[in-house]
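Data block below; observations after.
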Amino acid sequence: MRQKVIIALLCLSSCTLISINQSSSIQEPINYKGTQYHPINSSIPLFKRSLIGDTLYKLDNSIQLKSNAFGSNKLAVPIQLIENKTNGFPNQCALHLKRLSRESLPANLENFQATEYYQITFSKGQINISAFTESGCANGLGTLYYFLQKAEAKELNLIEIRDWPDTPRRVLQVLLKGMDPEVVKQVIERAWMSHYNMILLHTHNSVRFKSLKKFSQEYAMPVNTYLEVVDHIRALGIEVVPHFNFLTHQKAAFIHGENSNEMLYNAQTINPNSKEAKELIFQVIDEVDSLIHPAYFHIGFDEVVGHNAKQIEKYGSLLPAKDFLAHLVNVYTYLNYKGIETWIWGDMLLKESDFPDMHIGSLHANSEYANLIDCIPKDIVICDWHYREYKRRKLRKYDYSSLTYFTAKGFKTYGASYEDTRAIRAFSKNAYQENNELFQGMIATTWHKLLNGTVDRPSSDSLKSFDAILSNSAEAFWNASAIEGPPFMKVKSSTN
């Protein structure tokens, strides 16, 4: 299967706009919405250290692996991609993968930085990639592959690169809704080249799971194609986090269509007291677990409708906080029994009066919801999203103290950003400065941006927008220590 994936990806290396042929494993053509491949608009994070020489290293060499000190097959797919990319070039270049000792790394690196540290040396006829672990080596291979992918980069003046991350886990959200799987695989390559180490795979009913048979969209990909996508993510050394909305955002997603009203509290929210809804959720978890055995599972639980007057008028009253909690504990308990870590969004636990300087777009709790923070199991992971900042900073300041609020309550926490470059950089810097052991990393959410303009803005080049999020976030997450900006709000040790 992996060989087929590699061949398909090689076809995508052209820098012209092409349409993707459907996988031969699909019996009937599927009308995928996102079917166009574009040249790479993304960039990779700046290197911590590099040496520039007078001699240019030419990228017209046929690169062949000559030695691999790690001695396993975990790097097989990245190596194969590089070898295939350069196959047929006139000159030969030997690739050596070397193992470094912990003592040979730069001083004062955190353990996660040592794990992902890599260095590359370029010389005539030889490239050496050295790392402490295979994860670091995969980062180095991703950097090399990026250079090979860029059409205009015919030669390099680099002699050496030394690099490591400032953020432990760097997560990129990828939506499968309507996406041709071959385009998704190409996007995963971009994530690998930019050193993301987790993919939040937003799935819903965009895969023809047996448990969701009557709810699948017409453009949903077959299960075996979904498995190819997951396999390719993991083959590049990246972890997979499946993401389903098991409470909110139900319009045309997860539970929808005829005969589903009894499972819904309103048009956007699952009824936590519905036995049928609970059974369906457990069936989905069982099926996904049996297929890909995830270590983590994001279950949503954000933006419960009814948190403002306009929504109450349109949809009805807010779901009672006690029902939110009962449903959360119910799903968490099932996942916990399977040994799977539960992730949720954090906006329904934050209220505006507790964070008066924070952008209100991510503060959706009333007092009852905010008080749930002391009732939620402590091994649930909270993803604290802040997508925008006030344009007039004199009115409000950059405030990310909710991150410290959650960790002070004992929760492992991720920060999550979107497309506002100021917010991406400010949130990344703030999280780095906190240096809290419960801080897990940063999530780059992308939402509809990968759909090639098929959502809301049909004339837009949304893969280009996706690449902008990918690149800006990758740089901020990787090099958070180098971000310059204004001071942040002082940390709140407690609110409530």
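Okay, here's what the table says:
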quantity: Residues satisfying the stated conditions in the range 210-227, i.e. outside any helix (DSSP H, G or I) and more than 30 Å from residue 75 (Cα to Cα); calculated: 216, 217, 218, 219, 220
quantity: Some residue of the range 341-348 being in a loop (DSSP other than H, G, I, E, B) and buried (at least 22 other Cβ atoms within 10 Å of the Cβ); calculated: yes
quantity: Candidate set from the range 131-158 (those that are among the aliphatic types (A, V, I, L, M) and in a strand (DSSP E or B)); member that is farthest from residue 61 (Cα to Cα); calculated: 131
quantity: Pairs where the first residue, in the range 54-68, is among the hydrophobic types (A, V, I, L, M, F, W, C) and the second is surrounded by 15 or more Cβ atoms within 10 Å (Cβ to Cβ) and in a strand (DSSP E or B), C-beta under 6 Å, 6+ apart; calculated: 63/93; 63/95; 65/95
quantity: Strands (runs of 3 or more DSSP E) enclosed by the range 228-302 - at least 2 residues per element that are open to solvent by less than 10 Å² (accessible area, probe 1.4 Å); calculated: 239-243, 296-298
quantity: Those residues of the range 415-445 which are of a type outside the set (A, V, I, L, M), in contact with a Lys or Arg (Cβ under 7 Å, 6 or more places away or on another chain) and open to solvent by less than 10 Å² (accessible area, probe 1.4 Å), in sequence order; calculated: 441
quantity: Selection from the range 167-189 of residues that are surrounded by fewer than 23 Cβ atoms within 10 Å (Cβ to Cβ), modelled with pLDDT of 95 or more and either touching a Leu at 6+ places or on another chain (Cβ under 6 Å) or in a strand (DSSP E or B) (or both); calculated: 169
quantity: Some residue of the range 380-395 being open to solvent by 60 Å² or more (accessible area, probe 1.4 Å), part of a helix (DSSP H, G or I) and either touching a Leu at 6+ places or on another chain (Cβ under 7 Å) or more than 18 Å from residue 171 (Cβ to Cβ) (or both); calculated: no
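For (1) closer than 14 Å to residue 79 by Cβ; (2) assigned to a loop (DSSP other than H, G, I, E, B); (3) at pLDDT 95 or above, each residue gets a yes or a no:
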position	(1), (2), (3)
93	yes, no, no
97	yes, no, yes
103	no, no, yes
109	no, yes, yes
112	no, no, yes
115	no, no, yes
122	no, no, no
129	yes, no, yes
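This table checks each residue for (1) over 14 Å from the mean Cα position of the chain (by Cα); (2) touching a residue at least 12 places away in the same chain (Cβ under 8 Å).
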residue: 226; (1), (2): yes, yes
residue: 231; (1), (2): yes, yes
residue: 234; (1), (2): no, no
residue: 243; (1), (2): no, yes
residue: 246; (1), (2): yes, yes
residue: 250; (1), (2): yes, yes
residue: 254; (1), (2): yes, yes
residue: 264; (1), (2): yes, yes
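The values are calculated or read from the model by the stated rules, or taken from the named source; none is laboratory data. Since the model is a prediction, treat every value here as computed from it, not as a measurement. When we count neighbours, we look across all protein chains shown, and the Cβ atoms used for this are built from the backbone with ideal geometry, even at glycine. These accessible areas exclude ligands, DNA and RNA; they are computed on the full protein's heavy atoms, side chains included. Shrake-Rupley method; radii C 1.70, N 1.55, O 1.52, S 1.80 Å.
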